[in-house]
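Note sheet for the following structure.
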Amino acid sequence: MSRDGDAPGPEGEEEPPRRTPEAALRPTPLRTLLGWAALGLVLGWAVHPLAERVGVVPPLISTPQPLALLLLAAMLGYAAWATHRAVQVRRERLEPHKAVNRLVLARASALVAAAATGGYLGYALSWIGDPAELADERLVRSLLASGAALLAVVAAMLLERACRVRGDDPPPAT
């Protein structure tokens, strides 16, 4: 006895499972990224007042922090470019585990980088107008780190889009 989707094909072979619209993966929604960025913004802004309230020196953003985010953006950007060339231009088929790995990397990186973008931006905003000795340095370095994290978000979203195959395109809006 077999169910409707499990019936053997005309030559005795099983047909591949049919993909339903509910099973299709959708791109990471912009609303989700903005939510993570907003959470990071609030937490980043809270670091400065909380550090002063507890009596500790607020952290100073060092050069390696934005550089690490730039490195992440560069690696994601290269992976997006290579994946796009393979899947979209040369019409090669990615092995399923490689496609899933790249998609998971893209989504996780996009969410974390969005939170980092908001966090560094919030930390930078908390230093505007502060008379502290290193306030301007903290402001500029935080803005640089926020920009680097935003580049990582963009690169992650490009990698996610590069993993799409022709059948993954959403139906046009009517």
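Run the accessible area of the range 21-156 with a 1.4 Å probe and give the carbon-and-sulfur part as a rounded percent.
70 percent
What is the distance in Å between the Cα centres of the range 23-43 and the range 95-123?
Here the answer is 10 Å between Cα centres.
Order the following by accessible area, largest value first: His97, His48. Probe radius 1.4 Å; ligands, DNA and RNA are ignored.
In descending accessible area the options line up as His97, His48.
Kirkwood hydrodynamic radius of the range 71-174 from all distinct Cα pairs, in Å?
Mean inverse Cα-Cα distance, inverted, gives 15.3 Å.
The values are calculated or read from the model by the stated rules, or taken from the named source; none is laboratory data. Quantities reported herein were computed from a predicted structural model and do not represent experimental measurements. Ligands, DNA and RNA are stripped out before the accessible areas are found, and what is left, the full protein with its side chains, is counted by its heavy atoms. Shrake-Rupley method; radii C 1.70, N 1.55, O 1.52, S 1.80 Å.
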